[in-house]
Structure formats: structure tokens, C-alpha cells
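The values are calculated or read from the model by the stated rules, or taken from the named source; none is laboratory data. In this text, all values refer to a predicted model and were calculated from it rather than measured experimentally. Cβ placement follows ideal geometry from the backbone for every residue including glycine, while neighbour counts extend to all protein chains displayed.
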Amino acid sequence: MNKSVFLVLFFIALLNSSCAQNPENKVSSVSNPSYTSELFVDDIQIPWGLAFLPDGSMLITEKSGEIIHFMNGKKTKISNVPEVYQRGQGGLLDIEIHPDYKENGWIYISYASTDGPEKGGHTAIMRAKLDDNALIQKQVLYKASPNTTKGQHFGSRIVFDNDGYLFFSIGERGERDVNPQDITRDGGKIYRIYDDGRIPEDNPFVNEAGAKTAIYSYGHRNPQGLVKHPETGEIWDNEHGPRGGDEINIIKKGANYGWPLVTYGINYSGTPITDKTTMEGTEQPIHYWVPSIAPSGMAFITSDKYDGWQGSLLVGSLAFQYLERLELQGNQVIKREKLLDGKGRVRVVKQGPDGLIYVGVEGKGIYKLIPKK
């Protein structure tokens with residue numbers, strides 16, 4: 001048996017044994033769900049991002065390049081939205097409001113941008129204000145470089161921590177052997193900046209020659225979920241693995257999350273990427289999926305509206321078209337459950353100010369989960 005064949009068989013055995021030995025890798029369906037789902041906002045093709053304004057209305061990003069303001073049952077398109085680079089996974093991505101939005105009015109968006117001398121695009125972060133359904137005072141806070149015409153792995157999610165820092169993710173743009181492990185290059189990283197784009201003085205690589213000083217952690221593949229833990233304040237991410245090896249990580253300052261030096265996944269062709277799932281100096285995920293579910297948006301449930309769900313983590317599955325509820329004991333996943341099974345490709349999930357769960361499904365729109373009485 002040659003070495004390559006042996007390694008393929010080894011990885012298949014490893015992934016199969018991972019499923020068998022980890023009960024949290026088994027997901028259950030609910031025959032009599034404790035909720036109903038209502039299509040709350042219809043006719044949206046790829047609802048990539050979702051944010052709630054203080055008045056309870058919604059801002060929804062369409063990947064194609066539109067921001068929709070949904071209020072009192074009416075959809076209004078926001079004007080003066082930045083031009084986006086639409087290629088593959090690139091387009092208009094996440095949206096979030098400032099924690100002090102009532103005082104300052106800042107809205108933050110991530111998108112694929114063509115700014116720069118090279119052809120193609122890369123992820124950018126912008127803030128702006130909303131006036132009469134138009135974006136004003138637009139400011140680009142960060143633009144990754146160099147541009148590339150590849151369509152893979154833009155990231156990108158936005159979240160504020162308890163100290164008011166803005167965290168955002170950028171995928172490794174299909175350059176796995178170049179970007180994730182190199183702190184002088186953008187891509188495959190989680191970043192931290194001030195709300196106005198300045199670099200925090202205590203970011204981990206501010207004194208490293210040539211480093212991208214906004215980097216907070218590295219060695220990521222394609223993080224498409226980024227949330228703040230409601231109790232600890234820690235930032236959690238989920239990210240796409242290749243074939244197997246999607247992960248949930250707790251983001252630590254200056255930490256290396258290993259891609260592609262370590263992974264629980266293999267190439268899409270079935271060949272191995274590496275024979276290592278652990279390595280000194282790299283962080284282990286708190287949970288990984290085998291097979292891959294293709295995780296997207298994620299949200300913690302703090303609401304008591306749903307019986308037994310409080311404290312759970314929700315993660316959308318693009319590959320298997322459901323919303324996954326992960327029951328946690330500390331940082332350990334002890335149960336997995338399918339919600340909205342077969343509804344469609346879940347792109348974003350948020351808990352609204354009313355305590356209800358809102359879920360963006362591609363080709364359909366925004367669903368609201370309504371608890372049964």
C-alpha cells in the first residue's frame with residue numbers, strides 16, 4: 001500500500017471514529033417541535049446579515065448589494081450603499097449597529113470591495129449613519145489587501161465586545177498555504193479595532209515588524225459566525241472546514257487556531273491535508289463537526305421564551321439546510337438538535353429585542369420562530 005492511499009484510509013478511519021466516540025456529533029430531529037415558524041419578511045434571496053434598530057425594525061443585507069429596512073411590514077431599500085464586488089462568496093455581507101447607537105447612530109457593514117490597485121476584491125469594513133433611508137458619513141475603517149479574483153472565503157462577521165471593541169473576521173481567500181499562518185498578510189484572521197478604525201495599543205502584534213496590527217488571532221479558514229458570549233463576554237466563532245472539520249472556537253488574544261497545519265477535515269477530493277489534528281502552540285476547537293454542516297450565522301439564546309433553550313447556541317447549516325441548536329454545559333456541547341429541518345440554507349440567525357428568534361433562509365426570507373403556548 002503506498003503512502004497516499006494509507007493516509008486517505010487513515011483519515012477516513014479517524015473521521016469515522018470521531019463521530020462514533022463523540023456523542024455531541026450526533027444530531028437529533030424533533031418530531032413534535034415546541035415552536036412554529038412564520039415567514040416574517042419574504043422575497044429575499046441571500047439574507048446575509050441582520051440587525052435590529054432600537055425601534056424594533058430590521059436592517060437586512062442582500063448579498064447582491066442591497067440593504068433593506070423592514071419596518072411595520074414594509075420593505076424599503078437603503079440608498080447610497082457602497083458598491084460591492086460580487087464574485088463567489090463575495091458581496092454585501094454582515095451588518096451590525098454600535099452598542100451606543102441611540103447616542104451616535106453608527107451602523108457597521110462588511111462587504112467585498114474592489115478598492116486597491118489589484119484586480120478583484122477583498123473584505124472591507126465600513127461605518128455609516130442612516131438618514132431618511134440613505135447611508136451618510138460613510139467611512140471605510142479597514143480594507144484587506146491585496147485584492148484577488150478568487151471567489152472563496154471572504155468571511156465575514158462583525159461583533160462588538162463588552163469593552164466596545166469591534167471584532168470582525170476575514171477568511172483566507174482560498175490561499176490556505178499562504179495567508180492563515182502569516183501575520184504580515186490579511187486573510188484567515190480575526191481582527192480587533194476601535195469603533196472608529198484605530199488600532200488598539202494592546203493588540204497582540206502591534207510591535208511585530210510588518211504585521212497587520214489589527215490582527216487579534218490567526219490560523220482561521222473561513223469564519224462565518226462571530227458572537228459574544230452573553231455571560232463571559234468572550235468572542236466565539238464558527239468556521240468552515242474543508243471536508244469535515246467545521247469548528248467552534250473561543251477567540252483568544254494572539255492565538256493560532258492551526259489552519260492548515262492541523263485540522264479534523266480532509267480535502268474535498270478525499271486526500272489528506274495533514275496527518276495532525278493537534279499541535280503544540282495551536283488552539284483546539286471546543287466543538288467540531290464531522291461531516292461538515294457548512295456553518296453560517298450563530299447566536300446565543302438568552303431569552304426565556306422557548307422552554308429549555310435558554311443558554312443554547314444556534315448555528316445555521318448551509319449544507320444540510322437546517323438550524324442547529326447546541327445545548328451547552330460550560331464550553332462543552334452535550335446535545336445537538338435540528339430546527340427548521342429542510343427549510344433551506346440558513347444564512348443568519350439573531351435573537352430579536354422581543355426575545356424571539358429570527359432566521360434568514362436563502363431564497364425565502366426571514367422566518368420568526370414562535371413558541372407554542
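Suppose we filter Tyr264, Tyr191, Tyr216 for residues that are assigned to a loop (DSSP other than H, G, I, E, B) and surrounded by 18 or more Cβ atoms within 10 Å (Cβ to Cβ); which single one remains? Even if it seems obvious, please write down each step before you answer.
On the way: Tyr191 fails: assigned to a loop (DSSP other than H, G, I, E, B); Tyr216 fails: assigned to a loop (DSSP other than H, G, I, E, B).
Going through Tyr264, Tyr191, Tyr216 in turn, the sole match is Tyr264.
Pull out all pairs, ordered by first then second residue, where Cβ-Cβ is under 8 Å, the residues are six or more apart or on different chains, the first lies in segment 135-162 and is without any contact (Cβ under 8 Å) to a residue 12 or more places away in the chain, and the second is surrounded by fewer than 20 Cβ atoms within 10 Å (Cβ to Cβ) and of a type in the set (Lys, Arg).
Gln137/Lys129
Filter segment 354-373 for residues that are more than 19 Å from Thr61 (Cβ to Cβ) and part of a loop (DSSP other than H, G, I, E, B) and give the result.
Asp354, Gly355, Leu356, Lys372, Lys373
Could you list, in sequence order, the residues of segment 159-180 that are over 15 Å from Pro223 (Cβ atoms) and in contact with a Leu (Cβ under 7 Å, 6 or more places away or on another chain)?
The answer is Phe160, and nothing else.
Need a quick list: strands (runs of 3 or more DSSP E) entirely within segment 277-338 having at least 3 residues that are more than 14 Å from Asp237 (Cα to Cα) and at pLDDT 95 or above. Walk me through it before giving the result.
Values: elements: 287-289, 295-300, 313-317, 322-329.
Here the list reads 322-329.
Among the numbered conditions (1) over 18 Å from Ala255 (Cα atoms); (2) part of a loop (DSSP other than H, G, I, E, B), tell me where Gln137 comes up short.
Looking at each condition in turn, Gln137 falls short on (2).
I'd like the full set of residues that are crowded, with 17+ Cβ neighbours inside 10 Å and under 12 Å from Arg347 (Cα atoms), limited to segment 32-72.
If the condition is that a residue be crowded, with 17+ Cβ neighbours inside 10 Å and under 12 Å from Arg347 (Cα atoms), then Ile44, Ile46, Pro47, Trp48, Gly49, Leu50, Ile60, Thr61, Glu62, Lys63 are the ones that fit.
Quick check on my filter: what residues within segment 325-334 are surrounded by 13 or more Cβ atoms within 10 Å (Cβ to Cβ) and touching a helix residue (DSSP H, G or I) at 6+ places or on another chain (Cβ under 7 Å)?
Val333
Here is a check on your reading of the model: is Gly187 more than 24 Å from Ser303 (Cβ to Cβ) and of a type in the set (Gly, Ala, Ser)?
yes
Please work out which residue is farthest from Leu53 (Cα to Cα), limiting yourself to segment 339-373 and to residues that are of a type in the set (Lys, Arg) and either crowded, with 20+ Cβ neighbours inside 10 Å or modelled with pLDDT of 95 or more (or both).
The residue in question is Lys343.
Only residues that are more than 18 Å from the chain's Cα centre (by Cα) and under 21 Å from Gly151 (Cα atoms): list them for segment 177-198, please.
Selection gives Asp177, Val178, Asn179, Gln181, Asp182, Arg185.
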